[in-house]
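Peer 1: My questions will all concern the structure given below.
The values are calculated or read from the model by the stated rules, or taken from the named source; none is laboratory data. Quick caveat: nothing in here was measured; it's all calculated off a predicted structure. Cβ coordinates were reconstructed from backbone atoms using ideal geometry, including for glycine residues, and neighbour counts include every protein chain displayed.
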Amino acid sequence: MMPSASRRVMVAMRDRLRSIGTTLIMGVWPRKVPLAGDSRIRYDQAAWNLKRMDEMTALMIPSTTIQPSPVASGMAVEEFFKQFVDQRVELVKGVVREVPMPGSRHGYVCMEIAFLLRLFVGERGLGRVLCNDSFVQTRVNPNTILAPDLAYYSYQQFPKEAELPDGLLPVLPEIVVEVRSPSNTWTEMLAKVIEFLQAGVRVVIVADAETKTTSVYRTETLQQIFRETDELTIPDVLPGFAVRVGRFFE
């Protein structure tokens, strides 16, 4: 695990880089600071190995432990749902952790994005959009179950005729959307991005009401930042979808 002094340096550098228009990805410094208007940041692909991700998520994912290890370190999925159904919690490497209650602006942005996604996929018969922190399992042994704000499942991924279960879906979503709350640091948000991508989610979108931007992440391509006047597109998963980012925050 990274020493506390090194972590403080990393966080300070991250905040400085953010102030001049770039983003720290998994503790790997961008090779250059982008010029004004450059919305893409190259990052070191070596950061995406599992060992590195494990080290960073142990530091980044925020929480208050409800049931500390070793008791919860091997908590099974069935036991998690039995004990914590309808509670605002996630299971991170077998440990149950509370998730802060979001504010009204967070809820509004979630609803706007969900509505626009649902409108697009519903009219075309493409799939389902799940909200309200529906659980997604990202790893087993130890189990990790996260609760994204929104998740999109195509009918190819989970057939239309299949009944939605009360618990976990047996497949991963193709798109995950997280809306950043004032209580979330960018370090915490990026930890979740990495966790979802490593699990196999194709696209992770982070919406930030403070900057009125959406950041789009994939495993093998550049991070994209869409600003208020830009049109958010997801051509690899939802061809034809195009919405002005500012609509999410109006």
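Peer 1: Just give me the residues in segment 138-155 being closer than 20 Å to Val237 by Cβ and either crowded, with 18+ Cβ neighbours inside 10 Å or basic (Lys, Arg) (or both), in sequence order.
Peer 2: Selection gives Thr138, Leu146, Pro148, Asp149, Leu150, Ala151, Tyr152, Tyr153, Ser154.
Peer 1: Tell me, which strands (runs of 3 or more DSSP E) lie completely within segment 198-250 with 2 or more residues that are touching a helix residue (DSSP H, G or I) at 6+ places or on another chain (Cβ under 7 Å)?
Peer 2: 203-208, 213-217, 238-244
Peer 1: Is there a residue being surrounded by 20 or more Cβ atoms within 10 Å (Cβ to Cβ), modelled with pLDDT of 95 or more and of a type in the set (D, E, K, R) anywhere in segment 209-226?
Peer 2: no
Peer 1: Filtering segment 172-188 down to residues that are at pLDDT 95 or above and part of a loop (DSSP other than H, G, I, E, B), which residue is surrounded by the most Cβ atoms within 10 Å (Cβ to Cβ)?
Peer 2: Pro173
Peer 1: Determine, yes or no, whether Glu123 is in a strand (DSSP E or B), farther than 22 Å from Thr213 by Cβ and either in contact with a strand residue (DSSP E or B) (Cβ under 6 Å, 6 or more places away or on another chain) or charged (D, E, K, R) (or both).
Peer 2: no
Peer 1: Let me ask another. Working only within segment 116-136, note down all residues that are over 18 Å from the mean Cα position of the chain (by Cα), surrounded by 18 or more Cβ atoms within 10 Å (Cβ to Cβ) and among the aliphatic types (A, V, I, L, M).
Peer 2: Val121, Leu126
Peer 1: Okay, moving on. Kindly establish whether Asn141 is within 20 Å of Ile205 (Cβ to Cβ) and not in a strand (DSSP E or B).
Peer 2: Numbers: within 20 Å of Ile205 (Cβ to Cβ): no; not in a strand (DSSP E or B): yes.
No; evaluated as a whole, the condition is false for this residue.
Peer 1: Going residue by residue through segment 103-111, is there one that turns out to be in contact (Cβ under 8 Å) with a residue 24 or more places away in the chain and surrounded by fewer than 18 Cβ atoms within 10 Å (Cβ to Cβ)?
Peer 2: yes
Peer 1: Identify the single condition in (1) under 15 Å from the mean Cα position of the chain (by Cα); (2) part of a loop (DSSP other than H, G, I, E, B); (3) more than 24 Å from Lys212 (Cα to Cα); (4) at pLDDT 90 or above that Pro148 does not satisfy, given that it satisfies every other one.
Peer 2: (3)
Peer 1: Now for a separate question. Could you please find all residues in segment 151-170 being in a loop (DSSP other than H, G, I, E, B) and closer than 22 Å to Arg88 by Cα?
Peer 2: Leu164, Pro165, Asp166, Gly167, Leu168, Leu169, Pro170
Peer 1: Can you tell me which residue among Thr233, Thr214, Thr219, Thr229 is without any contact (Cβ under 8 Å) to a residue 60 or more places away in the chain and in contact with a Leu (Cβ under 9 Å, 6 or more places away or on another chain)?
Peer 2: Thr214
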